[in-house]
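A.B. asks: If you scroll down you'll find the structure; I have some questions about it.
The values are calculated or read from the model by the stated rules, or taken from the named source; none is laboratory data. Everything quoted here is computed from the prediction, not taken from an experiment. Note: ideal-geometry Cβ built from the backbone for every residue, glycine included; neighbour counts use all protein chains shown. Areas reflect the complete protein model, heavy atoms only, side chains present, ligands, DNA and RNA absent. Shrake-Rupley method; radii C 1.70, N 1.55, O 1.52, S 1.80 Å.
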Amino acid sequence: MKSTRDLLSRFKIGKSFNLISMPTIELSEEEADRFIDYIVDESVMKNYARVEKMSRPQKNIRAIGFGDARFLYPADHFDESKYKKQWTHNKIILTTSKARGAIAVFDDDLEDIRSIESEDAFMDHLMRIVAKKIANELEEAYYIAETHGLNGFAADDIRSMWDGWRYIINHSQSGQQYYNDVTGGAYIKDACLCQSGASCPSGKSDPDAEFSFPGLIAEQDTNPPYNWEFKYHLMLKNMPSKYKANNGLANMSFLNSDLVTQDYLEALSQRGTALGDAIFTGKMPPAYGRVPIVDVPLMPTNLGQDADGTYGLLGGGNYTDVLLTPKNNLIIGIQRDIKIETQRVPADEATYVFYSLRTTVSIENVNAVVFLRCLEHRC
């Protein structure tokens with residue numbers, strides 16, 4: 001990846017660099033692509049998402065299929081009524097929203113920095129700080145944002161600008177806004193619910209629940225033979241086989257907070273197996289079966305419950321999520337219309353650097369998502 005200094009070299013920013021006289025920069029498509037890479041490289045989930053670099057505010061992604069009816073029939077029973085005449089299609093429209101930000105570089109700070117590093121190094125250092133801050137804020141918004149007021153995000157909060165991955169998944173069932181007419185909806189599992197039985201706490205029982213033990217990512221039965229239940233296991237079982245075939249598991253990852261990973265490692269240490277010891281001691285990277293477990297520090301761990309106990313609202317609880325999906329199924333759309341400009345404000349003895357970019361998110365195939373919500377974690 002090219003450095004910021006290389007990226008902005010056409011503006012002759014070198015030893016003669018003067019932040020005050022820095023020109024407005026409207027990046028060309030090639031330069032904007034580099035800057036986009038520079039920003040999103042700081043993000044963890046970006047490495048598991050596909051970045052669509054858009055030249056216009058909108059871009060269509062379309063899926064076409066035949067639907068559920070069969071195509072082949074016994075010859076003796078084949079007639080005109082069996083002709084396949086209807087197709088199913090699903091269109092995803094990426095529509096970017098503009099986000100802006102500014103940082104202030106004060107004269108005193110600039111003088112102090114210049115005393116210990118060159119102007120070139122200062123510019124690169126400054127841009128790296130800005131890029132990392134942008135990446136962190138975007139990653140959180142890409143995941144938790146929603147436009148329906150569920151979390152009460154203010155109008156001046158970028159988390160109210162689009163529907164993030166979490167909202168899309170939770171509203172992808174048949175008849176809902178983000179259902180995929182070609183492939184179907186996401187597979188959503190509730191870790192707060194459990195099958196009826198002696199081990200199911202009061203208020204947690206549900207006839208449709210799939211877990212024997214609600215709560216953490218790994219729970220052990222308190223009765224003999226003290227079996228363990230790993231919720232990663234059920235997630236893998238619920239991923240359709242067609243996405244796991246042909247080495248598809250090698251392209252998948254469990255994405256969750258590092259707190260969930262630590263709970264999993266603690267459970268492995270209690271089991272005392274050779275594999276558990278190897279993972280717990282760091283000799284092997286965290287994984288369940290053949291699927292790696294990836295820490296996403298910005299995935300929220302303070303989700304609460306709404307009235308029906310299923311949809312996690314930000315704040316007020318200690319619930320979190322786990323996401324299982326193939327690499328590049330999550331989509332980040334970033335328009336190449338990126339601008340960087342400065343404004344000198346003598347009254348503040350500072351120069352303000354303004355940034356603007358247009359971005360959005362989507363999911364190409366929600367049917368290739370297994371989502372675990374209402375998962376507890378140890379603080």
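A.B. asks: Cβ-Cβ under 6 Å, sequence separation 6+ or interchain: first residue in the stretch 47-68 and more than 16 Å from Val182 (Cα to Cα), partner modelled with pLDDT of 85 or more and not in a strand (DSSP E or B). Which pairs?
C.D. replies: Tyr48/Lys327; Arg50/Asn328; Pro57/Thr96
A.B. asks: So, Leu268, is that one at pLDDT 90 or above and not β-branched (Val, Ile, Thr) or not?
C.D. replies: Numbers: at pLDDT 90 or above: no; not β-branched (Val, Ile, Thr): yes.
Against the criterion (at pLDDT 90 or above and not β-branched (Val, Ile, Thr)), Leu268 does not qualify.
A.B. asks: Please state which of the following conditions Cys194 fails to meet, knowing it meets all the rest: (1) surrounded by 19 or more Cβ atoms within 10 Å (Cβ to Cβ); (2) in contact (Cβ under 8 Å) with a residue 60 or more places away in the chain.
C.D. replies: Answer for Cys194: the failing condition is (2).
A.B. asks: Related question: Can you spot a residue in the stretch 348-360 that is within 30 Å of Leu193 (Cα to Cα), of a type in the set (Ser, Thr, Tyr) and either in a strand (DSSP E or B) or open to solvent by less than 30 Å² (accessible area, probe 1.4 Å) (or both)?
C.D. replies: no
A.B. asks: Considering each of Ala218, Ala209, Ala245 in turn, give the residue that is exposed (fewer than 14 other Cβ atoms within 10 Å of the Cβ), under 29 Å from the mean Cα position of the chain (by Cα) and within 30 Å of Gly184 (Cα to Cα). Steps first, please.
C.D. replies: On the way: Ala218 fails: exposed (fewer than 14 other Cβ atoms within 10 Å of the Cβ); Ala209 fails: exposed (fewer than 14 other Cβ atoms within 10 Å of the Cβ).
Checking each option against the conditions leaves just Ala245.
A.B. asks: Let me spell it out: the conditions are (1) touching a Cys at 6+ places or on another chain (Cβ under 8 Å); (2) over 13 Å from Phe371 (Cβ atoms), and Asp190 meets all of them except one. Which number is the exception?
C.D. replies: Condition (2) is where Asp190 drops out.
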